[in-house]
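What follows is a short report on a single structure.
The values are calculated or read from the model by the stated rules, or taken from the named source; none is laboratory data. These numbers come from a predicted model, not from an experiment. When we count neighbours, we look across all protein chains shown, and the Cβ atoms used for this are built from the backbone with ideal geometry, even at glycine. Just so you know, the surface numbers come from the protein's heavy atoms only, side chains and all, with ligands and any DNA or RNA stripped out. Shrake-Rupley method; radii C 1.70, N 1.55, O 1.52, S 1.80 Å.
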Amino acid sequence: MTFRTNVAVCILFGILALPIQNGMVIQNMLGASPAQSNQLNRSFQAGYSFLHDQIAYNDLNGKNDQSVKGVIYGQVLDAESRASLTGASVKMSGPSVEIVVVSDCVGRFRVELPPGRYNITVEHSGYNRVLIGDILVGSGKEVYVTIQMTESSRVLGGVTVSSERGRSRNTMAMVSARRLRSQDASRFASGYYDPLRMVTSLPGVSAGNDDDNNQIIVRGNSPKGLLWRLEGIEIPNPNHLASGEGASGGAYSAITTNILSGFEFYTGAFPAEFGNATSGVMDLSLRSGNPTKGEYSLGVGVVGAEVSAEGPLPANKAGSWFVNLRYANFNFLSRYGIIDSDDVSIIPNSFDWGSKVSYSSGKAGNFEFFTAGGASKVGDMASDNADSIKIGADNDEFLDKQFFAVAGVKHTLTLPNEKTFIRTTIGLTWQKDNSDNFVVDTLLNKRHNYSESFFYPAVRASVTLNHKLSPSNTFRIGMSSNIVNGEMFAKRFVSQGVYDTLINSNERGWYNSYFMQWKYRPSERVEMVAGMHFFHSGITGEFVAEPRGGMKLSIGGDWTMNMGVGLHSRLEPLSIYNYRIRIAPGKREIANENLKATRAAHLTFGLSGSITHSLKATMEIYHQHLYKVPIASDLVSKYSILNAAYGLPDVKLVNNGTGRNSGIEFSLEKEFFRSSYFLTSVSLFDSRYKAPDGRTYNTYFNNGRIFMFTAGREFKMGREGRNILGFNIRALNRGGFRYTPVNTELSLSRKRVVYDVLRTYGKQLPDYSRIDAGVSYRLNRKESSWTFLVEVQNLTNRHNVVRRRFSYSQGKILTRDSYSVGIVPIFSVKVDF
């Protein structure tokens, strides 16, 4: 049947269906079977959609006529099978406007309405009602929304109301999962439109100890345990100016939230499809372009500029394209003394990109071609004055360069039964880090003091098959494969003409994951998930079975109890297995090639529900047992990989270590209602590890508690209230990270610093506190919208202690603290047209 014929049938059935109430199920009409009746109902509803849209448009353009309009468009899908839902009732409710449209033959809808914030209520016969709140609509750029509905297992169905606010779209996730929308990025003051900095407002999540690093600590775990995924495949650390080997963070993300449709963040007991992670999972999805019209954005701020463009594919092909480019340079902040450039005379700068082309080929499925990446550098030059160097001027210089990229294609095929889809992603990733350090003597001679170069090209693929057996049963299986090459080199100066080679390897490794999951809903009150993940590593030569499970129980109203349990594992960077360990003076050799993956067992219980229609409370209690942890083989050492955020340990490692993280988290969230919102969370936890000496100590990341408060308020401004003035604030207070105190008596007797190793990480730095604030103004014009943003980071100019060092001098132990940056103002302006 041709496209024109389909449209004609939809209109014809729509005319016949006008007297029929929306949502009515046609049963046994003209002797049709239930399946045929359902198909007829879809056609009736689709035709009704066509006419209803016109009525809604006419009403809008007449009764509520405004010169400035925005657009919401999107698609309604079955949450389990991803099949499009025809005839779903989509109601947009705003302060003075309420519009109802019906999804068309392929589940799509589109409506024009005045600028403002809207709530969406979606209903479809046989499905649970869905509420989506706080959708900001403005002029200049249309807003796309994907709505996923869960089929009711009850006969009548459609009686349950579920809010999608913050709810993970992964239907297999029972606990510790949250979806964040890219639209919310502007609400997180000092967020830099960075996915990692956004999640630090969530319970159990803490930022690193340096303001210039976006690494995150999840429930007391090392940041090294975080998994990054993009479009279904694992990717290397996608951050500019990353800290070093194995780091999961850096200065800021090369993947800005402006190129994302949203992302899922998991903090424990991950579903079976995720492997190679022990602390958290960041699962990103690039956004598609507008398939109906060209749109453009340009943003300029004190740290750089960003431009994006999108639109439909040419030659009437069903699809869209999108591209985003960004450049950042901190010269302005350095020039006016806002940031200290004493240690970095080569000011940090970066460039990154993101792009996607989406194409629908009908029966052959949907294709998405995507790429993202970025490059950055930072450095410092030594003094060029010999006399200054003689009296102590800076004689060190360095230059760090980094590059990250991913490119691939994703194919999604929905089978004719509309109950099964197959999603396949194949991609290439690249990661390259170069660092050089020099020392200049008093004669201005430059000596190469340290050099390293790491290059990791990789081929990655993933395949997932999802089949919806019935409204109560969904089955999902899949696999992922990673083939990683490593060109690794590092050397260090020892003496004149002599260098110590730390690593010099060109190796290839692989690791695969296989999984199966089954979700069962015996009733509307109960959901259960059982799964198995198999981790197969050629790098470590191991095959690990990791059972996973979860359950969600409705206990009345909107309140649910949740439980999740599972085993997980995580590999170390390829460089650690090939590092040349110092085994004697002047002698090194590879000693960690037999190291195995770190393991973790997660157990989580939760309780969540609504106190009022806009106020939601959540509590989770968890315990994590880590085992087979790499620790030093030397029984005198206190080294464990659980205390490292990055880097290459110069010690022989064995998998004899253990650790544990236990805690409780509370959060209270007011959805955007009556022009305001807030999210507050309190996390109390304890993180310990067992050292090679058999004793148990605090981990470095055991700061004990985290308090976070994020809030905002908006005011309508200007003619017809079409413009928006917004205020946002974020306040943080947490315990300080740990350090090992000095054994004062022994230090004084030996006339050098001696640490009290029996109290390893036994003391804490002072509490870390910070307040960030932002003011935004959105100006909606007929063909464009302007957004002005002013942020003040560290509003109170508090200088937090981030590091404590000790030294011995003239019979005294001296303490020297390093402090965080002070107040930092940021200004930017963005236009969408």
Next item on the list: Please tell me if Gly566 is in contact with a helix residue (DSSP H, G or I) (Cβ under 9 Å, 6 or more places away or on another chain) and open to solvent by less than 20 Å² (accessible area, probe 1.4 Å).
Entry: no
Note to self: Going by what's in this entry, would Phe274 be described as open to solvent by less than 20 Å² (accessible area, probe 1.4 Å), at pLDDT 95 or above, touching a strand residue (DSSP E or B) at 6+ places or on another chain (Cβ under 7 Å) and of a type outside the set (Gly, Ala, Ser)?
What the structure shows: yes
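Does region 446-457 include one or more residues that are polar (S, T, N, Q) and under 36 Å from the mean Cα position of the chain (by Cα)? Steps first, answer last, please.
First pass over region 446-457, keeping only residues polar (S, T, N, Q): 449, 451, 453.
Next cut, under 36 Å from the mean Cα position of the chain (by Cα) only: 451, 453.
Checked region 446-457: at least one residue is polar (S, T, N, Q) and under 36 Å from the mean Cα position of the chain (by Cα).
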Next item on the list: Of the numbered conditions (1) free of Cβ contacts under 8 Å to residues at least 60 places away in the same chain; (2) under 30 Å from Tyr359 (Cβ atoms); (3) touching a Ser or Thr at 6+ places or on another chain (Cβ under 9 Å), Gly304 fails exactly one; give the number of that condition.
Entry: (2)
Checklist line | Leading residue by the ranking (farthest from Gly232 (Cα to Cα)) among those in region 481-504 that are in contact with an Asp or Glu (Cβ under 7 Å, 6 or more places away or on another chain) and open to solvent by less than 30 Å² (accessible area, probe 1.4 Å) | finding: Ala490
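Of all residues in region 812-831, which are part of a strand (DSSP E or B) and open to solvent by less than 30 Å² (accessible area, probe 1.4 Å)?
Ser818, Val824, Val831
Does Val406 meet the test of being in contact (Cβ under 8 Å) with a residue 40 or more places away in the chain, open to solvent by 40 Å² or more (accessible area, probe 1.4 Å) and within 29 Å of Glu234 (Cβ to Cβ)? Break it down into steps so the answer makes sense when it comes.
Working: in contact (Cβ under 8 Å) with a residue 40 or more places away in the chain: yes; open to solvent by 40 Å² or more (accessible area, probe 1.4 Å): no; within 29 Å of Glu234 (Cβ to Cβ): yes.
No; evaluated as a whole, the condition is false for this residue.
Name the residue that is nearest to the chain's Cα centre (by Cα), counting only residues in region 344-362 that are in a strand (DSSP E or B) and among the polar types (S, T, N, Q). Outline the logic, then answer.
First, the residues of region 344-362 that are in a strand (DSSP E or B): 346-360.
Filter again for among the polar types (S, T, N, Q), leaving 349-350, 355, 358, 360.
On the way: Asn349: 23, Ser350: 20, Ser355: 18, Ser358: 22, Ser360: 27 Å.
Out of the qualifying residues, it is Ser355.
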Notebook entry, point to check: Which residue pairs have Cβ atoms closer than 7 Å, lie 6 or more positions apart in sequence or on different chains, and pair a first residue in region 685-708 that is closer than 13 Å to Asn221 by Cβ and touching a residue at least 40 places away in the same chain (Cβ under 8 Å) with a second residue that is acidic (Asp, Glu) and outside any loop (DSSP other than H, G, I, E, B)?
Noted result: Asn702/Asp686
Margin query: Checking Val175 against (1) farther than 19 Å from Val824 by Cβ; (2) under 16 Å from the mean Cα position of the chain (by Cα); (3) buried (at least 23 other Cβ atoms within 10 Å of the Cβ): exactly one of these is not met. Which one?
Written below: (2)
Next item on the list: Evaluate region 434-445: report whether one residue or more is open to solvent by 40 Å² or more (accessible area, probe 1.4 Å) and at positive phi.
Entry: yes
Item checked: Leading residue by the ranking (most open to solvent (accessible area, probe 1.4 Å)) among those in region 514-540 that are in contact with a Leu (Cβ under 8 Å, 6 or more places away or on another chain) and in a loop (DSSP other than H, G, I, E, B) -> Arg525
Next item on the list: Residues being surrounded by fewer than 23 Cβ atoms within 10 Å (Cβ to Cβ) and closer than 27 Å to Ser683 by Cα: count how many of those fall in region 229-245.
Entry: 1
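Would you pick out the residues in region 210-228 that are assigned to a loop (DSSP other than H, G, I, E, B) and surrounded by 24 or more Cβ atoms within 10 Å (Cβ to Cβ)?
Matches in region 210-228: Asn214, Gln215, Arg219, Gly220, Asn221, Ser222.
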Margin query: Which numbered condition in (1) within 23 Å of His602 (Cβ to Cβ); (2) touching a residue at least 24 places away in the same chain (Cβ under 8 Å); (3) within 25 Å of the chain's Cα centre (by Cα) is the only one that Leu574 fails?
Written below: (1)
Next item on the list: Go through (1) hydrophobic (A, V, I, L, M, F, W, C); (2) within 20 Å of Gly280 (Cβ to Cβ); (3) in contact with a Pro (Cβ under 6 Å, 6 or more places away or on another chain) one by one and return the number of the condition Ala644 breaks.
Entry: (3)
Margin query: So, in region 458-478, exactly how many residues are crowded, with 17+ Cβ neighbours inside 10 Å and farther than 22 Å from Ala272 by Cβ?
Written below: 1
Next item on the list: Could you list, in sequence order, all residues of region 645-674 that are open to solvent by less than 50 Å² (accessible area, probe 1.4 Å) and among the basic types (Lys, Arg)?
Entry: Lys670
Next item on the list: Have a look at Leu615, Leu642, Leu635 and point out the one that is open to solvent by 40 Å² or more (accessible area, probe 1.4 Å) and touching a residue at least 12 places away in the same chain (Cβ under 8 Å).
Entry: Leu635
Margin query: Please count how many residues of region 290-304 are within 18 Å of Val831 (Cβ to Cβ) and either open to solvent by less than 70 Å² (accessible area, probe 1.4 Å) or part of a loop (DSSP other than H, G, I, E, B) (or both).
Written below: 10
Check: Consider Pro95 against the criteria (1) open to solvent by 20 Å² or more (accessible area, probe 1.4 Å); (2) over 28 Å from the mean Cα position of the chain (by Cα); (3) closer than 26 Å to Asn466 by Cβ: it satisfies all of them except one. Which criterion is unmet?
Finding: (3)
Next item on the list: Could you tell me which residue of region 791-811 is modelled with the highest pLDDT, considering only residues that are over 27 Å from Ile706 (Cβ atoms) and either open to solvent by 60 Å² or more (accessible area, probe 1.4 Å) or of a type in the set (A, V, I, L, M) (or both)?
Entry: Tyr808
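Consider region 168-193. How many of its residues are assigned to a loop (DSSP other than H, G, I, E, B) and either among the polar types (S, T, N, Q) or more than 24 Å from Lys552 (Cα to Cα) (or both)?
Looking only at that region, the number is 10.
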Check: Does region 551-565 include one or more residues that are at pLDDT below 95 and of a type in the set (Phe, Trp, Tyr)?
Finding: yes
Check: Taking region 744-760 as the search range and keeping residues that are part of a loop (DSSP other than H, G, I, E, B) and open to solvent by less than 50 Å² (accessible area, probe 1.4 Å), which one is nearest to Asn643 (Cα to Cα)?
Finding: Thr760
Next item on the list: Report, by residue number, each residue of region 578-612 that is open to solvent by less than 40 Å² (accessible area, probe 1.4 Å) and under 24 Å from Arg548 (Cα atoms).
Entry: Ala597, Thr598, Arg599, Ala600, Ala601, His602, Thr604, Gly606, Ser608
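So in region 692-725, with the set limited to residues that are part of a loop (DSSP other than H, G, I, E, B) and among the small types (Gly, Ala, Ser), which one is surrounded by the fewest Cβ atoms within 10 Å (Cβ to Cβ)?
In the first step, residues of region 692-725 are kept if they are part of a loop (DSSP other than H, G, I, E, B); the result is 692-695, 699-704, 718, 722.
With among the small types (Gly, Ala, Ser) added as a condition, the list becomes 694, 704, 718.
On the way: Gly694: 8, Gly704: 18, Gly718: 14.
Once the filter is applied, the top-ranked residue is Gly694.
Using the structure shown, decide if Ala254 is over 28 Å from Asp78 (Cα atoms) and in contact with a His (Cβ under 6 Å, 6 or more places away or on another chain).
Judged against the criteria, Ala254 is a match.
Among the residues of region 764-771, is any basic (Lys, Arg) and surrounded by 17 or more Cβ atoms within 10 Å (Cβ to Cβ)? Even if it seems obvious, please write down each step before you answer.
Taking region 764-771 and keeping what is basic (Lys, Arg), we get 770.
Right, trim to surrounded by 17 or more Cβ atoms within 10 Å (Cβ to Cβ) and you get 770.
Yes, some residue in region 764-771 is basic (Lys, Arg) and surrounded by 17 or more Cβ atoms within 10 Å (Cβ to Cβ).
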